[in-house]
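Right, one structure below, let's go through it.
The values are calculated or read from the model by the stated rules, or taken from the named source; none is laboratory data. Keep in mind that this is a model prediction, so the values were computed, not measured. For neighbour counting, all protein chains shown are included, and Cβ atoms are generated from backbone atoms with ideal geometry for every residue, glycine included.
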C-alpha cells in the first residue's frame, strides 16, 4: 500500500494518533484566529477560543510514551540524557528549515537595505536554540519568530531531562505512582488556567502535564490487568467508545470557548488518553494506517503553521477573499507544507538508517 510507505514503522495506537491530529488542527485554527492580520482584531470571529488547552494533551502524551519507554528497559545512568538528545536530534533538521523560513518571512517587508543583519542573526540563533523563550532581555521581544513552537519545545526540552532522571532513579516507583499525580494537582490547584502564561509558569505547566502523562501510564497498566480475557473484545470496545466520547466533548467545549470548563476539559482528555490506550491496539488495517499517518503529520503541522500565518500577514488574502476562504486556504497550505516536511524527514531517517 502506498500510504503504508509514508508511515513510520513503529507500532502505534491509531485512536490516539487520530485525536493527536484533530487537536493539532484545533491549535492551528486557534493560532490563525488569534494571530492573522484582519482576523485577530475581530473578537467575534474566533474559532476554538480555548484551543490552547490542548498543549496539555501533547505534554501528557510525551509523558506517557516516556514512562512506557523507560518501563521496559534496565538502563544506565547516562542513557536518560542520550534519550533526550536523540529526541532533539530527530526533529532538528525540519525545525532548522522552519526557523530559517520564519526569520526570512518576518523580514519580507523590510527590504535588504534596511535589514539589520546583526539583529537578524541574533534572532535566528535565539530561535534555533530555543533561547528566546528562556532569556528575552528588554528590547529583544521580537526575537521570537515562531512563538508557539519555541515556547513549547523550550519547555519540553527543559522539563524532559528532569522527568527522565526521576524515571531512572531509585524513587522511580514513588514518582510514577504517587508524586506525578501530586505535582499535577498542586500546580493546577494553585495556578489554575490562564490565557497568557509567562515563564516560569509555562515551564511548570509543561512539567506538571508531563507528570500527569506518567501517572496515566501507571493507571493504564493497572487497568490492563483488570480486563477479563473472556470478554476482552467487548471491554476494549467499550473503553474506545468512552475514550472517544471524552475527546469529542472536549472539542465541543473548546469550540464554544467555555473558560469555566477548562479543568473539565483536561479531565476529559486525560480520561480519553487512558481509555484509548488500553482499549486500542496496534493494527495494520487501512483505516488504522491512515490514522497513524495523520498522527505523524501533526508534528510537522505544528512546526510549519506559524510561518504560514506570518506569510499570510504579508498579503491581502483575508481582506480580498474573506475570513472563511482565507482560513480554508491557510489550512490547505499548512497541510501541504507539513506533508512536504514529513516526506523529507522520512527520507532522511531512512537514509540514515541505511548508513548505520
It is to be established whether one or more residues within segment 188-197 are in a helix (DSSP H, G or I), modelled with pLDDT under 90, in contact with a helix residue (DSSP H, G or I) (Cβ under 7 Å, 6 or more places away or on another chain) and surrounded by 12 or more Cβ atoms within 10 Å (Cβ to Cβ). yes
Against the condition modelled with pLDDT of 90 or more and within 28 Å of residue 67 (Cβ to Cβ), how does residue 304 come out, does it pass? no
Would you confirm whether any residue within segment 180-187 is closer than 27 Å to residue 338 by Cβ, surrounded by 12 or more Cβ atoms within 10 Å (Cβ to Cβ), over 18 Å from the mean Cα position of the chain (by Cα) and modelled with pLDDT under 80? no
It is to be established whether one or more residues within segment 31-49 are under 20 Å from residue 244 (Cβ atoms) and either in a helix (DSSP H, G or I) or at pLDDT 75 or above (or both). yes
So residue 227 passes all but one of these: (1) at pLDDT below 90; (2) surrounded by 13 or more Cβ atoms within 10 Å (Cβ to Cβ); (3) under 25 Å from residue 150 (Cα atoms). Which condition number does it fail? (3)
Residue 95 - would you say it is in contact with a helix residue (DSSP H, G or I) (Cβ under 9 Å, 6 or more places away or on another chain), part of a helix (DSSP H, G or I), farther than 21 Å from residue 346 by Cβ and in contact (Cβ under 8 Å) with a residue 60 or more places away in the chain? no
Let me confirm something: among 148, 208, which residue is modelled with pLDDT of 85 or more and in a helix (DSSP H, G or I)? 208
Which condition from (1) modelled with pLDDT under 90; (2) in a helix (DSSP H, G or I); (3) over 23 Å from residue 184 (Cα atoms) is the one that residue 254 breaks? (3)
